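Heads up: the structure comes next, in structure tokens.
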Amino acid sequence: MDEKSLEILEFPEIRRRLAEQTSFSTSRELVLGLKPLADYETISLRLKQSAEARHLLSLNPGFTIGQASDIREIARAAALGKVLEPLSLIECRQTLAALRLVRGNLSAMSKEAPLLWNIAQDITGLPEVEKDIDRCLSPDGEVLDRASKNLAGIRRQLGEVRQTLRERLETLIRAPETQKIIQEPIITEREGRYVIPVKTELRKGIEGITHDVSNTGATVFVEPVATIELGNTVRELVSEEKREVERILRSLSMSVGDHEAEIAAGISRLAELDMALAKAKYARAVRASEPELIHSTLSERVENSPATFIKLVNARHPLLGQKAVPLSIEMGRDFSTLVITGPNTGGKTVALKTIGLLILMTQAGLPIPASPETSFPVFDSVFADIGDEQSVEQTLSSFSWHVSNLVRIIKNATAGSLVLLDELGKSTDPAEGSALARAVLLHFLSSRILTVATTHYGDLKVFAHTTPGMQNASFDFDPATFTPTYHLTLGIPGGSNALVTAEHLGLPPEIVSQARSMLSRTALALEATLADIMTEKEKIKAVREQLEKEKEAAEAEKASLQSRLNQLKIDERRIIQDARDTIIREAAELQKQIRQANSELRKTKSRQTIDSARKTLADMQTRLSSEAWQLKAGETEASQPISVGDTVYLRANDITGTVLSISEQTNEVELLSGRMKLKVGLNSVEKVPGGTAVPSKAVRITRPALKTVPAELDLRGKRADEVEVLLDSYLNDAALSNLNEVLIIHGVATGTVRQITRDFLASHPLVKAFRPGQRSEGGEGTTVVRL
């Protein structure tokens, strides 16, 4: 990437702001070293990692890398044999714990964040090193007694000796002969030896070693002879403790140094994870998301295929904060050069910087403040000539600075580059500057280099309008308020409105009026025409907005009506279903009454029972003739007479068939549908006019799984009203089980059950024949049935 253009487009400031979101120095250095890349796969991976990090923080807003530090130098020093300070070891322990926790947390969320887990899984946990440091050192770096048994023994012995030593000194101080010579009754320490303060003039009154003298010379600090040996023991134990502590620290340092490679790799992976999290935090702060990345080859760009276009949707400059005005623009499909015009302070330069900076951020793998529909190809470089850097020291004028930039850009730009030029051809004679600008744009156009330029030159507006491959665009100017709207419109050049802007900013009206009188009629006419265009555009925009509102209202009303219609259909189906259920229940009740009447007739032949049965049958006939059982008017069309050979439609099963026979007695019709024959009620079919085929559904007959059925049924002890029900159910099961012959055991007794059984068998459709049982089969107490 062109370093100069990175500076011009303020990419280093984006890195600095992103670095503020990092958690430790290694990731901060990684962010500050970020540069836009030109490799599609790497950029795509970084953008996906950023998106995953945003998703991770949405699921777990408190996710963090913990208290990590860059301990790579510490580990390297330990690997070279250096004994680490306790606080350095504590820093190592905290970082190792952070590495372990981050790896564990991402392992648990590996399905939600697979790309981040790919980074974290390379972290090697060192729980033993972490545990050893935690066992030996306190949080503030003190070596604990539990670090080793030897250290604990030394410190215990040292404590006992010190206690004995203090007790002896206290006894000495309390002695009457000693109290006369001491300055005050305290025990203090000098050079690691326990001493008492003695008056200088009475020094000879106590035997011992003088270790120090007070600043005034009035007091000497003496170690009495009686405690010298104990003092020596204390010094020896202190030295022994120091050696043991050093041994412990050396051991811990060696364990850190032994894993220097794993620690260095873990820190690098942790920095990558923290950078991804920093991107997610930055995205949350500026309302950013990852754009779509378009993969295109150099040949595609040379051919100016659609794969080379850029599309920004509601893009905002990331450094302007709440003041940023969204920018939407597309280019590269039908044109490769865009010339932007419009009023001064109208947003042209900001638009150039927004386009360039967002593309640089994308190619650095960063989320951008724009809608996710935004899409970019991968550019090999982005070149920008924006601003003005005069240099008196280098005798560099504004024009010279711009030309030197153009020289650099023309020399290095390729068909895979993006070029951004602000106020092309300015800072010199307008005629020559305009000619130079047109020549530069033609060069980039012929080289198939995507170019965006801003200008105030009228010649360039006409040039862009008449040259294939170029397009005008303008920032709108509100003719009512005489202020820029910062809204970009493609296809229309814009006026500079310099005089209006100058007057709006406070230039005296008389000066503005005089300047306007100096303009040529052509220039005035052009400005007036552009102003009229903007006025008409605002009217069209208002009409379009009104139409959109009416369209939304109409669609909402349509949706409401459709919803009501759907509800009415649901209610209709429910009412029909309720009616059908009622009819089915009534039919079942009638069938039950018929069977009960039939059963009563079989059980007893009394006149009263016969009359009752006849009354029940008469009631049934009356109810069957009632309105509830009749088709309502309009439910079916006038039925046509059905004859053998006609094609009919069976409504209940949605199939068609050919009539084989018609039974007037049973009011049934026999149909052939495919290979299947079936009998149905005559009123359940309707004739298909002219033999027209009705699409029918394939009918699949599913036979229930066969169950084991015994070859005999015992009806002995059953009530008369139970016999027919049990017998009918048994015959159905026996037939389905492919039994050819069964035995019904009904007993002799009064002969009632036998009579009911044989009467029922005589009319049952599954029974081929039956006979009384032979002597060996039970005689008159049984009936043998052939199915």
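The values are calculated or read from the model by the stated rules, or taken from the named source; none is laboratory data. The structure displayed is predicted, hence computed values, not measured ones. Positions of Cβ are generated from backbone atoms using ideal geometry, with glycine treated the same way; all protein chains shown enter the neighbour counts. Remember, those area values only see protein heavy atoms, side chains included, never the ligands or the DNA or RNA. Shrake-Rupley method; radii C 1.70, N 1.55, O 1.52, S 1.80 Å.
Checked against (1) outside any helix (DSSP H, G or I); (2) surrounded by 16 or more Cβ atoms within 10 Å (Cβ to Cβ), I173 passes all but condition (1).
Among the residues making up region 207-242, those that are touching an Asp or Glu at 6+ places or on another chain (Cβ under 8 Å) and small (G, A, S) are G208, G231. Looking only at residues of region 67-82 that are touching a residue at least 12 places away in the same chain (Cβ under 8 Å) and open to solvent by 40 Å² or more (accessible area, probe 1.4 Å), we find that the one that is farthest from S255 (Cα to Cα) is Q67. Considered as a group, the residues in region 85-113 that are out of contact with any helix residue (DSSP H, G or I) (no Cβ under 6 Å at 6 or more places or on another chain), farther than 16 Å from F63 by Cβ and of a type outside the set (A, V, I, L, M) include one that is least open to solvent (accessible area, probe 1.4 Å), and that residue is T95. The set of residues in region 215-237 that are out of contact with any Phe, Trp or Tyr (no Cβ under 9 Å at 6 or more places or on another chain) and among the charged types (D, E, K, R) comprises E229, R235, E236. Every condition in (1) at pLDDT below 80; (2) buried (at least 16 other Cβ atoms within 10 Å of the Cβ); (3) under 48 Å from the mean Cα position of the chain (by Cα) holds for A480 except the one numbered (2). Can T354 be described as among the polar types (S, T, N, Q), closer than 15 Å to A288 by Cα and modelled with pLDDT of 90 or more? Here the answer is yes, as T354 does meet what is asked.
Conditions tested, residue by residue: (1) open to solvent by 50 Å² or more (accessible area, probe 1.4 Å); (2) within 29 Å of D578 (Cα to Cα); (3) modelled with pLDDT under 75; (4) in a loop (DSSP other than H, G, I, E, B).
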site	(1), (2), (3), (4)
M620	no, yes, yes, no
Y649	no, yes, no, no
N653	yes, yes, yes, yes
L660	yes, no, no, no
L671	no, no, no, no
E686	yes, yes, no, no
K697	yes, yes, yes, yes
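Screening I209 on (1) touching a strand residue (DSSP E or B) at 6+ places or on another chain (Cβ under 9 Å); (2) buried (at least 16 other Cβ atoms within 10 Å of the Cβ); (3) farther than 30 Å from L96 by Cα shows it passes everything except condition (2).
Evaluated against (1) in a helix (DSSP H, G or I); (2) closer than 30 Å to M676 by Cα; (3) touching a residue at least 40 places away in the same chain (Cβ under 8 Å), A762 falls short on exactly one condition, (3).
Hey, among the residues in region 1-36 that are in a loop (DSSP other than H, G, I, E, B) and among the charged types (D, E, K, R), which one's nearest to the chain's Cα centre (by Cα)? Don't jump to the end; show me each part of the working.
Going through region 1-36, the residues in a loop (DSSP other than H, G, I, E, B) turn out to be 1-2, 9-10, 20-24, 33-36.
When the remaining residues are screened for being among the charged types (D, E, K, R), the result is 2, 10, 20, 35.
Values: D2: 35, E10: 31, E20: 25, K35: 27 Å.
Among residues in region 1-36 that are in a loop (DSSP other than H, G, I, E, B) and among the charged types (D, E, K, R), the one nearest to the chain's Cα centre (by Cα) is E20.
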